[in-house]
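Accompanying notes for the structure given below.
Just so it is clear, none of the values below were taken in a lab; they were calculated from the coordinates. Because the structure is a prediction, the values reported are computed rather than measured. Backbone-built Cβ (ideal geometry, glycine too); neighbour counts: all protein chains shown.
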Amino acid sequence: MTLTGAWWRSRGRRKRLFAGVDRLLWWIPLAMIFIAGILIASTQRQAGYADWYQHWITAAVGLAIALGLARVPVERITRWIWPIYGVTIISLVAVRLVGVSALGAQSWINIAGFHVQPSEFAKIAAILLLAQVLARHPVERPVDLVRPVVTISIPWLLVLIQPDLGTSLVFGAVLLVMTYWSGMPGAWVVLLVSPVVTSVLAGVFPWLLLAWIPLMAVMAYRTLPWKTLAPLGVLAIEGLFAVATPWLWNNFLQPHQRDRLTLFLDPNKDPLGGGYHLLQSTVGIGSGGWFGTGLLQGHLTLLRFIPEQHTDFIFSALGEETGFLGSALVVVGFVAWIWHLLQIARNARTDLEALVVIGVGAMVMFQVVVNINMTIGLGPITGIPLPWLSYGRSAMLVNFIGLGLCASVARRVKKQPFRS
């Protein structure tokens with residue numbers, strides 16, 4: 001065989017491999033991963049180690065997995081969902097027994113020298129099982145919420161007690177978005193979230209509860225079928241959360257978690273402790289100006305003012321070295337990617353496929369919003385990584401698994417519309 005003939009055969013195989021690939025779906029994450037590798041290298045310039053290239057190596061492994069998943073129908077994958085879900089639960093239990101602790105949480109298992117974070121993979125398992133449950137039993141009545149809530153509660157609780165508050169919040173966001181897409185009224189979403197709002201108000205603005213709790217009771221009366229019991233039940237639940245919040249705050253949350261949740265309001269209260277990350281992050285992002293200092297040229301990044309910057313605070317390096325323009329492009333990229341997922345979900349052949357795409361989109365977008373707000377000082381530090389950009393093997397592989405599932409749906413022609 002001639003060299004030219006071999007090249008054409010190889011080119012033909014590559015074309016078949018990428019046949020039907022949705023380029024917008026792939027290029028945005030890959031572009032972010034490329035930039036992230038440079039940013040992570042920048043954060044390690046003065047460190048005694050340099051493993052930034054592993055971000056790209058992990059991405060290459062994840063890309064291979066995603067390309068494989070893209071060629072497998074989602075329905076075929078969900079046939080194995082119960083074994084997948086069972087292994088996930090076992091791994092989360094194993095974390096409590098033989099897990100590795102770091103940064104105040106016992107969230108990793110050591111497998112062949114690699115630290116694997118089961119809570120990351122639990123997000124995909126939960127999305128797949130929720131999609132299957134909601135496709136068969138959409139939320140049309142309050143009682144229909146029992147199945148999805150029970151489905152998500154087991155991994156959510158096991159992650160929460162690690163304790164990993166940030167990842168546990170992702171499960172809640174995925175549950176709300178997927179149940180809403182399956183047909184649950186928006187008012188019910190508000191009622192489900194209202195106990196969290198009540199807890200926040202009880203600790204910050206308790207006088208607002210005088211208006212908030214009656215408002216929730218009225219909403220329950222107007223949207224739930226039990227006109228007498230529903231408002232009374234909502235009043236009881238909201239009152240319970242309002243009273244129990246101080247006890248939960250002092251006895252359930254760890255000290256570092258309490259600091260993370262409150263210091264963003266005034267990080268100067270502890271500028272050398274819990275508020276240090278927020279202060280340095282906002283200073284670094286602000287110093288980038290409109291166009292940044294240039295890749296590998298960030299001064300705060302060079303001097304390592306922000307601990308663990310290559311993980312949860314990678315956006316601060318992005319803001320310093322690429323400025324407002326680079327940061328805005330990344331945000332626009334995420335918005336365009338999520339919008340594209342919505343189009344894929346709308347054109348999906350089945351409810352199951354649409355729900356899987358929506359679940360992946362909810363997982364990614366919630367992490368994006370929380371992480372960016374955290375690094376610019378508009379939200380508490382929750383330990384949630386920025387998809388595609390933050391260093392982390394487990395998170396990267398999970399993001400690619402989600403991408404592969406979405407690509408699988410995108411490759412198939414619409415046969416039936418999603419239920420309206």
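The His299 and Leu157 beta-carbon pair, evaluated with R₀ = 25 Å, returns a calculated FRET efficiency of approximately 0.05.
Between Phe291 and Trp80, the modelled labels are 5.1 nm apart [label points 7 Å from Cα along Cα→Cβ].
The Arg136 and Trp56 beta-carbon pair, evaluated with R₀ = 45 Å, returns a calculated FRET efficiency of approximately 0.65. Note that segment 213-222 has calculated 3J(HN,Hα) couplings of 5, x, 4, 5, 5, 5, 4, 5, 5, 7 Hz, one per residue in order, obtained from phi through the Karplus relation 6.51 cos²θ - 1.76 cosθ + 1.60 (θ = phi - 60°); glycine and proline are x. Fully extending the segment from Val98 to Ala328, taken as 0.36 nm per residue of separation minus the present Cα-Cα distance, adds 78.6 nm. Computed from backbone phi, the HN-Hα couplings of segment 278-285 come to 5, 4, 5, 5, 5, 5, x, 5 Hz, rounded to whole numbers (Karplus: 6.51 cos²θ - 1.76 cosθ + 1.60, θ = phi - 60°; Gly and Pro given as x).
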